[in-house]
Structure formats: C-alpha cells, structure tokens
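Engineer: The following block contains the structure, expressed as structure tokens.
The values are calculated or read from the model by the stated rules, or taken from the named source; none is laboratory data. For clarity, every value in this text was computed on a predicted model and none was experimentally measured. Cβ placement follows ideal geometry from the backbone for every residue including glycine, while neighbour counts extend to all protein chains displayed.
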Amino acid sequence: MTFEADTIVGTDGLESNFDSHAYLWDFYQNVDDPAMQMMIMLLPTIAERVNCCDNLLDFGAGPTIHVSVVFRNKVNNIYLADYLPQNRNELFRWTNGQSSFDWTPVLKMIGTVEGSGWLQLKEMEEYTKSKIVVSILCLEYCCNSEMEYKEAVRNVVDQVKPGGWFVMGGVLEETWCSFGGRKFTCLYLTENLLFEALREANLLVDDEQSSIYYCAKSIFLICCKKQI
C-alpha cells in the first residue's frame, strides 16, 4: 500500500497502519521526545504518592511496559489493555522473552528517578513480567468528538474502585501525531474539556489532597482519586 507523506490516518485506519515497532523505536529507543521524557520522569513521583493496592490497569498501553515497571512495587496485579492486536502481540512477545526491543534506556531513566541505580535493570524487568496479564480492551485512539472522549473517560474510570486512583497523560491542543513516517489523527483536547470529563467521571480533580496535575508545554500528567 502506497502512502502519501501528508496523509493523516484516522481512527478507522489504526489497525492496518499502526506499526508497533516503529512506535517503540521513535519514542522509546533514545527517549528524546519531550512528552515521553516528562511521562517517564514524573511517573515514579506519582507512584510514590499512591498507596499500595491490589490491581493496576494500564488502559491503552500500546506496545509499552514502562507504566508496569514504575508501579511494580505498588500493586499485586498489573493488567495491560490495548485495542490493536499488533500491540498485544508485542506485549506477549515481551512476556515470553521474544521481543527484539531493548528497554534499557527507559529502565535507566526510571532507575535514576527511583534512586535504585542501573545495576539491577534486568531484575527490574523480570520482576515486572511475573505480574502481568494482557487484556484486549482499549478506547485510547477511538475518540472523534468531545462526547466520545467524555464517554471513554467514564468507561475507563468505571474500572476504578471508589477511593482508587486514576492516572492519565497526554497532549493538549493537538490534532495529529506522527511516527514511522506516518501521521495519525487525535482529538483536539483543551484543558477545560479534560477537567470536565474527569469531573463528570466522579474524580476529585478540584481537591488538592486527592489530585496531582503536571502540565508543561501542553504535555500533561494527572493523578486523581475517585469519589467514595
């Protein structure tokens, strides 16, 4: 299939056009993308502030494992969920030790922030593997309107127990992203829409004791508690 350089892939073309290996290579091989740097560097801080719990669901995990690594010592069970079969296949390859992607640069960043150093990177990755179950649910890339976005947030937050925590990161005021030489659409998300969706999902985003919000250059990371 030929692909014009300026063609933007919509949500209905993700399954046939999303290249999991290209995504990993472009964003996680050298970790020089500002959004990925922010997410990876701040997630250990978020994890440190969250109490230990039974389960964690990484909803829309893609082919990535960094969230699982960060929360490996905080939860008993980690679930990775993604809509695309190629992403789930990559996660299966990783759990079986068959993935060709090297997570060392990401593990080093996480180890540096945690203060655990670089001497136990293999143990860090192996310990995470023993706690993972791969699921198939994901709406991360399927939102074409504000209404769909709010509904997706509500559906995901429904998986959080009352009093539990919801963590989400993303980019504000953008209409596309690119990797592997292709462009993909994304919903134009404003900060107002983000917080409206979170409030409507019964999350305590306005309570300073129950929420943490970081935003720099339109890249955000938020952690908030669900109402009891």
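Engineer: The conditions are (1) crowded, with 16+ Cβ neighbours inside 10 Å; (2) touching a strand residue (DSSP E or B) at 6+ places or on another chain (Cβ under 8 Å), and residue 179 fails exactly one of them. Which is it?
Structural biologist: Against the list (1) crowded, with 16+ Cβ neighbours inside 10 Å; (2) touching a strand residue (DSSP E or B) at 6+ places or on another chain (Cβ under 8 Å), residue 179 comes up short only on (2).
Engineer: Among the numbered conditions (1) within 20 Å of residue 121 (Cβ to Cβ); (2) at pLDDT 90 or above; (3) part of a helix (DSSP H, G or I), tell me where residue 89 comes up short.
Structural biologist: Of the numbered conditions (1) within 20 Å of residue 121 (Cβ to Cβ); (2) at pLDDT 90 or above; (3) part of a helix (DSSP H, G or I), the odd one out for residue 89 is (1).
Engineer: Collect the residues in region 109-123 that are out of contact with any Leu (no Cβ under 6 Å at 6 or more places or on another chain) and either surrounded by 15 or more Cβ atoms within 10 Å (Cβ to Cβ) or not in a helix (DSSP H, G or I) (or both), keeping them in residue-number order.
Structural biologist: Result: 109, 110, 111, 113, 114, 115, 116, 117, 118, 119, 120.
Engineer: If you scan region 205-219, which residues turn out to be part of a loop (DSSP other than H, G, I, E, B) and surrounded by 18 or more Cβ atoms within 10 Å (Cβ to Cβ)?
Structural biologist: If the condition is that a residue be part of a loop (DSSP other than H, G, I, E, B) and surrounded by 18 or more Cβ atoms within 10 Å (Cβ to Cβ), then 205 is the only one that fits.
Engineer: If you don't mind, another one. Among the helices (runs of 4 or more DSSP H) lying completely within region 1-86, list those that include at least 1 residues that are surrounded by 21 or more Cβ atoms within 10 Å (Cβ to Cβ), of a type outside the set (S, T, N, Q) and touching a Lys or Arg at 6+ places or on another chain (Cβ under 6 Å).
Structural biologist: Once the helices (runs of 4 or more DSSP H) in region 1-86 are filtered for at least 1 residues that are surrounded by 21 or more Cβ atoms within 10 Å (Cβ to Cβ), of a type outside the set (S, T, N, Q) and touching a Lys or Arg at 6+ places or on another chain (Cβ under 6 Å), what remains is 34-49.
Engineer: Just to be sure, is residue 64 under 10 Å from the mean Cα position of the chain (by Cα), hydroxyl-bearing (Ser, Thr, Tyr) and within 30 Å of residue 12 (Cβ to Cβ)?
Structural biologist: Values: under 10 Å from the mean Cα position of the chain (by Cα): yes; hydroxyl-bearing (Ser, Thr, Tyr): yes; within 30 Å of residue 12 (Cβ to Cβ): yes.
Here the answer is yes, as residue 64 does meet what is asked.
Engineer: Same structure, new question: Residue 184: in contact with a Gly (Cβ under 7 Å, 6 or more places away or on another chain) and part of a strand (DSSP E or B), yes or no?
Structural biologist: Numbers: in contact with a Gly (Cβ under 7 Å, 6 or more places away or on another chain): no; part of a strand (DSSP E or B): yes.
For residue 184, the condition - in contact with a Gly (Cβ under 7 Å, 6 or more places away or on another chain) and part of a strand (DSSP E or B) - is not met.
Engineer: Another one. Residue 109 - would you say it is of a type outside the set (Val, Ile, Thr) and modelled with pLDDT under 90?
Structural biologist: Values: of a type outside the set (Val, Ile, Thr): yes; modelled with pLDDT under 90: no.
The answer is no for residue 109.
Engineer: Next question, about the same structure. Of all residues in region 118-156 being of a type in the set (S, T, N, Q) and under 17 Å from the mean Cα position of the chain (by Cα), which is modelled with the highest pLDDT?
Structural biologist: The extreme case among them is 155.
Engineer: Hey, could you check region 185-220 for residues that are touching a Leu at 6+ places or on another chain (Cβ under 7 Å) and free of Cβ contacts under 8 Å to residues at least 24 places away in the same chain and say which is nearest to residue 148 (Cα to Cα)?
Structural biologist: Ranking the qualifying residues of region 185-220, first place goes to 190.
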